[in-house]
Amino acid sequence: MISPKEVQHIAKLARIELTDRELIQFQKELAGVLAYFEILQEVNVSSVAPMTHSVLLENVYRSDEFKAKTDDIAQKLLQMAPETKNGYLKVKQIL
């Protein structure tokens, strides 16, 4: 059984305040959770392969291909920009 002092410590770590009534309630609930973990430790999982995630999906990325810009497209984009300098877009300073 988990002690009230341990419950208060956990509540402090979680930055929550507990009333005396809540302290007793959480003491029972946390004891139940710990008891369940004891049951889970008895399960034989030696034949189960370890896994890092429950969903076996992978991100799909497009191939990283270089496409040379054509001068006419670059010129059209530069013409639409509010400000340019030496063939580049001029933007406001960030820092």
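Read-outs throughout are calculated quantities, based only on the coordinates presented, and are distinct from any laboratory measurement. Values in this document were obtained by computation on a predicted structure and should not be read as measured data. In this analysis, Cβ positions are derived from the backbone assuming ideal geometry, glycine residues included, and neighbour counts consider all displayed protein chains.
Couple of notes before you dig in:
- The chymotrypsin sites (Phe, Trp or Tyr not before Pro) of the range 1-91 meeting both criteria, a DSSP state outside H, G, I, E and B (loop) and at most 15 other C-beta atoms within 10 angstrom of the site's C-beta, are Tyr61, Phe66.
- The chain: angle of helix 4-13 to the longest principal axis, Cα-based, in degrees nearest 10: 10 degrees
- This ranking places Thr19, Thr52 by how few other beta-carbon atoms lie within 10 Å of each, fewest first, which gives Thr52, Thr19.
- Fewest-first ranking of His9, His53, using other Cβ atoms within 10 Å as the exposure measure: His53, His9
- When trypsin sites (Lys or Arg not before Pro) are flagged only if DSSP places them in a loop and at most 10 other Cβ atoms lie within 10 Å, the longest unflagged stretch of the chain comes out as 16-61.
- Between helix 71-80 and the chain there is an angle of about 70 degrees, using the helix long axis and the longest principal axis of the Cα atoms.
- Axis of helix 20-41 versus longest Cα principal axis of the chain: the two differ by about 80°, to the nearest ten degrees.
- Hull-based mean projected area of the range 24-95, where the convex hull spans the alpha carbons, in square nanometres: 13.9 nm²
- The distance between label points at Ser3 and Leu40 comes to 2.6 nm (points 7 Å beyond Cα on the Cα→Cβ vector).
- Straight-line cross-link partners of Lys92 among the lysines, defined as a Cα under 25 Å from its Cα and at least 8 positions apart when in the same chain: Lys69, Lys76.
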